[in-house]
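Undergrad: The structure under discussion is supplied below as structure tokens; questions concerning it will follow.
The values are calculated or read from the model by the stated rules, or taken from the named source; none is laboratory data. The structure presented is a predicted model; accordingly, all values stated were derived computationally and were not measured. Every residue, glycine among them, receives a Cβ derived from its backbone with ideal geometry; neighbour counts consider all protein chains shown. With ligands, DNA and RNA removed, areas are computed over all heavy atoms of the protein, side chains included. Shrake-Rupley method; radii C 1.70, N 1.55, O 1.52, S 1.80 Å.
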Amino acid sequence: LRQERRLRLRHVAPRARGPVLGHRRGVAPPSSSAAARGGAEGDVRGHVVLVLDDVLSVLPWEATPSLRPHSVSRVPSVALLRALLPPSRGDKASTGTHTIDASSAYFVLNPGGDLPHTQAMFHATFEHQQWEGVAGAPPDQAELVQQLETKALFAYCGHGAGERYVKADQVRGLGGACATAVLMGCSSARLKREGTLEPRGMVLSYLIGGAPLAIGNLWDVSDRDIDRFADSLLRRAVFLPDTPHPPAGPSDTAAPAPAKTLAQRLQEAAPDATSSPSSSRTPSLVECVALARDDVRMKHLIGAAPVCYGVPVTCLRRT
């Protein structure tokens, strides 16, 4: 009798225990292709903000297949996110994106003097934008702090996050007037824990100082590949349309053409992607970070290192 009862229990179908993934009973979840496009109608997914603690912040969530083609940034807390958002204008057209003047920029290029390839790649390009800055030498600390307070954009191409040339407490003390920072050094976006205190990092210092966005790398990167990423990012979002391309070096001549990103393939697959009004707008820096990940050689190592702390920022370029 017990064996017969066990056999009957094995053939009993399990009852539903409630909704699956938050969907109502009897309603099928959306397909993976529709979810990747943001909806069944081909809508573009809005900006995604990740609120991460010190344990989760070391992982490159933005490089996962579900988030890689989208605009994604991270913040350490919701309170800081609310402080970074631009003031609401009370209309539906407000997108929560800051707008800055791309011509108001300051750069620090190869301050240690040991990155000749980086300096040769960007020096003439930065001068073409009529930017102010220092190349091949360390900047004056007082002048750098002043430029961070008065300029709208700060580009750093050197080792680390530039903490050797400007202190974190000086950046945090700018009083809410700090330039958007693009820090292309090794581990420039890495947060470090000091004992039992909350983790610290230069990217957080820029946000506390008033910068709406700080871009950096989670781990150490190679100079030539991160130069390719930085060039692709700045050309898409910041540089003037007539900016000449840098001369190709010996290792760049055989570089393969960059493949189409997943975001571009999804946009081409969407029936109304070309006719939507948002297709002609200027992409934000965060969106261009997602596109530039596939323009490097090591897409899943160097391409996964850059992350964005803060909220989206769009650069107004002169035509």
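Undergrad: If you take the square roots of the eigenvalues of the alpha-carbon gyration tensor of region 44-181 and sort them as a ≥ b ≥ c, do you get rounded (a/c under 1.5), prolate (a/b over b/c) or oblate?
TA: prolate
Undergrad: With label points built 7 Å along Cα→Cβ from the Cα atoms of residue 56 and residue 137, find their separation and express it in nm.
TA: Output for this residue pair reads 4.7 nm.
Undergrad: In nm, what is the difference between 0.36 nm times the number of residues separating residue 104 and residue 48 and their Cα-Cα distance?
TA: 17.4 nm
Undergrad: Probe 1.4 Å, all protein chains in place: accessible area of residue 198 in Å², nearest 10?
TA: Approximately 130 Å² of residue 198 is accessible to the 1.4 Å probe.
Undergrad: Full extension from residue 85 to residue 192: what is 0.36 nm times the residue separation minus their Cα-Cα distance, to one decimal in nm?
TA: Between residue 85 and residue 192, full extension yields 36.0 nm more.
Undergrad: Still on this structure, I have one more. Stretch residue 117-residue 297 to full length: gain in nm at 0.36 nm per residue minus the Cα-Cα span?
TA: Between residue 117 and residue 297, full extension yields 63.2 nm more.
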